[in-house]
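**Student:** Let me begin by handing over the structure; questions about it come next.
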Amino acid sequence: MTQKELRNNMTAVKATLSSQKYKSLKALSVTQGSLLVLGLGQKDESAAPVPSVKTLRDLEPALRTLVSTPGFTGKAESIVAVLHQNSAVTGLPHSHLLGVGVGSPTDCQPQNILSLGGKVAHSLRGHKATEVDIFIDSLYNPAASVSGKDAPKDHAGRPLLTRIPSREDFLEKFALGLLLGLYSFDRYKKKKDDYAPRIRFVSAILDEKKLKDILAKATTLAKGIYLTRDLQTTPGGDMQPAEIARQAQEAGRKSGFKTIVWDEKKLKAEGMNGILTVGQGSEAPPRFIIMEHNAGKKNLPTIVLVGKGVSFDTGGISIKPAAGMEEMKMDMSGAAAVIGAMHVISERKLPVHVVGLVASAENMPSGKAVRPGDIFTAHDGQTVEVINTDAEGRLVLCDALSYAKTFKPDAVIDMATLTGAVIVALGPISTGLMGNNAALIEGFKKASSVTGEKVWELPLYEEYKEDMRSKVADYRNSGNREGGSQKGGTFLNFFVGGAYPWIHLDIAGTADTPKGQGAHCPPDVGTGVPVSSIVEFVSNLKDYFKTK
Ligand SMILES: [Zn+2]
């Protein structure tokens, strides 16, 4: 396969989604080997499908068959399959039935819905189902309210949701979880993944146009996340800064955003010495990528997204231990998320001026590499003493955050696999969120509660600053280990300098380990976090943050 064919292979969502308005499930035209997915409530709730479909009598024999299958509990994400079902008994034309436990109403939360879709995806793949009907109405089982006694709450009793997923929300999340669960990374496998099921969503409640629109929305978002995962998971040797730039340009060509790439000469001329310093030990020169959606449309609000694009992080002269170093190919996950989000934002033609900035360099040890103790002058003129060459993410980001001021943004969101400390603090469950603006912080938290990508706020106390000052330069890039993630945020904040509302997302725990994220994140590939939340935030900007 040529490089070009390999590239074309990337970001292909193989499953096709379509829809049909419900008349009767008996009347669906299906071929041999077809499978019907039905949602089932918990056993203690008589295992009936959710109330909205109780009236659909023609399902009862099929539901009875599924419910009486040994091992069925109806708990969320429990799955039971009846293969070669008896059409004479159930009256349904499909040869296979798949019963999916939808759990109790409080299980109807974004992350659970995504995971449910992921579980179904694994099951379809396991059964090699090629033609699938999903009776979506039977899966929707919403909580009654966001604030009542039965509303989903966190460990401290705070409401988890800012809104209960509507039927439309549910369908979009479920379809997204399904597509994300079907994701596979086969670029380097001799045998390619050729599993490409045709999946039809059937509804008695949502009309055909609505179904189609929602499925198209989910597919667009899935494509962006597939792109992010592809970029994340490709080895560092094949995803160096110039290749990241090329991928951004290609995404721009496909979806319509404008891309400018600065090479090492331009970086020098512009004084982007943080990016140059990190990249100077590598044979592969650094790049700065400027992506712009709705460029020049002056009366739109401006959001700048900034991504850390360290294409491979050895730690440099402060070299990392050997064990697990291969995972450092994902140290460009922030950049991958910015490119994936730009792709979706541009495809959806969202009425916001969105700028994506990617600061990309490869962090290698060599005779040319930056030494501990070296000092450079960043883009805004402030100087930095490099104490630890493995704290390099903040060095590429400080130039980008300074350059972001050029766009007079209403808000800036940076995303970076910045610190191991955030994994110590929060585990692989939640992204660490820091920022300088309460309204933006709260707004982004809301957006992430809608997408199910968990974030948790960490403080930027004044006291952290002291440890980041250098005796010989303005700042040093590394302090002691205490509060490591917040000190990373504190360092970035020196270069934001109060110029704009800003949040920093430390995705070191959530971008490159699917543990704890759910069944829609297959193992050993990037997760694509936080593309969904960025797209949600920009799509419904007015709901989340007041701009000019
Ligand atoms: Zn590092």
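**Student:** Where a Cα-Cα gap under 25 Å defines reach, which lysines qualify for Lys190, not counting those fewer than 8 residues away within the same chain?
**Tutor:** Lys4, Lys14, Lys128, Lys223, Lys329
**Student:** In percent, what relative contact order does region 13-206 have, based on Cα pairs under 8 Å that are 6 or more apart in sequence?
**Tutor:** Averaging sequence separation for qualifying contacts and normalising by length gives 31 percent for region 13-206.
**Student:** If packing is taken as the average count of other Cβ atoms within 10 Å, what order do 369-376, 343-350, 234-241, 20-27 fall into, highest mean first?
**Tutor:** 343-350, 234-241, 369-376, 20-27
**Student:** Got the relative contact order for the chain handy, in percent, Cα pairs under 8 Å and 6 or more residues apart?
**Tutor:** Relative contact order here is 15 percent.
**Student:** First check a/c for region 152-192, with a ≥ b ≥ c the square roots of the eigenvalues of its C-alpha gyration tensor; if it is under 1.5, answer rounded, and if not, answer prolate when a/b is larger than b/c or oblate otherwise.
**Tutor:** Oblate, because a/c is 1.5 or more while a/b does not exceed b/c.
**Student:** Now, a different point. Quick check: from the Cα gyration tensor, does region 13-206 come out rounded (a/c under 1.5), prolate or oblate?
**Tutor:** Oblate is the answer for region 13-206, as a/c is 1.5 or above yet b/c matches or exceeds a/b.
**Student:** Measuring from centroid to centroid over Cα atoms, what is the spacing of region 227-262 and region 400-458 in Å?
**Tutor:** That distance is 22 Å.
**Student:** Let me ask something else. Percent of Cα-Cα pairs more than 21 Å apart in region 391-548, please. Walk me through the numbers on the way to the answer.
**Tutor:** Working: 5578 of 12403 pairs.
Tail of the P(r) past 21 Å holds 45 percent of the pairs.
**Student:** Could you give the length gained on full extension between Glu270 and Glu462, defined as 0.36 nm per residue of separation minus the Cα-Cα distance, in nm?
**Tutor:** On the way: separation 192, 0.36 × 192 = 69.12 nm, distance 3.09 nm.
Working it through step by step, the gained length comes to 66.0 nm.
**Student:** To continue, here is another question. Based only on other Cβ atoms within 10 Å, what is the fewest-to-most ordering of Phe135, Phe494?
**Tutor:** Listing Phe135, Phe494 from fewest to most nearby Cβ atoms yields Phe494, Phe135.
**Student:** How big is Rg to Rh over the chain, alpha-carbon atoms, Rh as the Kirkwood inverse-mean-distance radius?
**Tutor:** Value, to two decimals: 1.01.
**Student:** Rounded to the nearest 20 Debye, what is the dipole magnitude of region 13-206 about its Cα centre when Lys and Arg each give +1 and Asp and Glu each give -1 at the C-beta?
**Tutor:** Details: 25 positive and 17 negative charges, 101 e Å.
Result for region 13-206 is approximately 480 debye, rounded to the nearest 20.
**Student:** Arrange His122, His520 by Cβ neighbour counts within 10 Å, fewest through most, would you? Mind showing how you got there, number by number?
**Tutor:** Details: His122 16, His520 32.
Going from least to most buried by this count: His122, His520.
**Student:** What number, rounded to the nearest 500 deg cm²/dmol, is the helix-based mean residue ellipticity at 222 nm of the chain, given -39500 (n - 2.57) per DSSP H run of at least four residues and division by all its residues?
**Tutor:** Details: 17 runs with 182 residues, N = 548.
Roughly -10000 deg cm²/dmol at 222 nm, from the helical runs in the chain.
**Student:** Another question about this same structure. Quick check on my link table: of Lys515/Lys548; Lys254/Lys298; Lys405/Lys487; Lys153/Lys298; Lys268/Lys546, which ones sit more than 31 Å apart, alpha carbon to alpha carbon?
**Tutor:** Numbers: Lys515/Lys548 39 Å; Lys254/Lys298 24 Å; Lys405/Lys487 22 Å; Lys153/Lys298 41 Å; Lys268/Lys546 36 Å.
The answer is Lys515/Lys548; Lys153/Lys298; Lys268/Lys546.
**Student:** For region 234-544, calculate the relative contact order in percent as a whole number, restricting contacts to Cα pairs under 8 Å that are 6 or more residues apart.
**Tutor:** Reported as a whole number, the value is 21 percent.
**Student:** Using the Cα gyration tensor of region 234-544, with a ≥ b ≥ c the square roots of its eigenvalues, what is the shape: rounded (a/c below 1.5), prolate (a/b larger than b/c) or oblate (neither)?
**Tutor:** It is rounded, given that a/c, with a ≥ b ≥ c, falls under 1.5.
**Student:** Return the inverse of the average 1/r over all pairs of distinct C-alpha atoms in region 182-295, which is the Kirkwood hydrodynamic radius, in Å to one decimal.
**Tutor:** For region 182-295, inverting the mean 1/r across all distinct Cα pairs yields 17.4 Å.
**Student:** Let me ask something else about it. List the lysines whose Cα sits under 28 Å from the Cα of Lys149, skipping any in the same chain fewer than 8 residues away.
**Tutor:** Lys43, Lys54, Lys75, Lys173, Lys445, Lys446, Lys454
**Student:** Arrange the following residues from fewest to most other Cβ atoms within 10 Å of their Cβ: Met332, Met342, Met325, Met272.
**Tutor:** Fewest-to-most ranking of Met332, Met342, Met325, Met272: Met325, Met272, Met342, Met332.
**Student:** Taking R0 as 45 Å, what FRET efficiency do you get between Ser18 and Ser147 from their Cβ-Cβ distance, rounded to the nearest 0.05? Mind dumping the intermediate values first?
**Tutor:** Numbers: r = 37 Å, r/R0 = 0.83.
Once rounded, the FRET efficiency stands at 0.75.
**Student:** With θ set to phi - 60° and the Karplus curve 6.51 cos²θ - 1.76 cosθ + 1.60, what are the ³J(HN,Hα) couplings of region 204-219 in order, to the nearest whole Hz, using x for Gly and Pro?
**Tutor:** These are the phi-based 3J(HN,Hα) values: 8, 10, 7, 7, 4, 5, 4, 4, 4, 4, 5, 5, 5, 4, 4, 5 Hz.
**Student:** Long-range amide H contacts for Ser318: which residues qualify at under 5 Å (H placed 1.01 Å from N, peptide plane, sequence gap of 5 or more or a different chain)?
**Tutor:** Close amide H contacts, sequence-distant or interchain: Thr389, Asp390.
Taken together, the values in this text are just the output of simple stated rules run on the coordinates, not laboratory data. These numbers were taken from a predicted model, which means no experiment stands behind them. Heads up, the Cβs are rebuilt from the backbone with ideal geometry, glycines too, and the neighbour counts pull from every protein chain shown.
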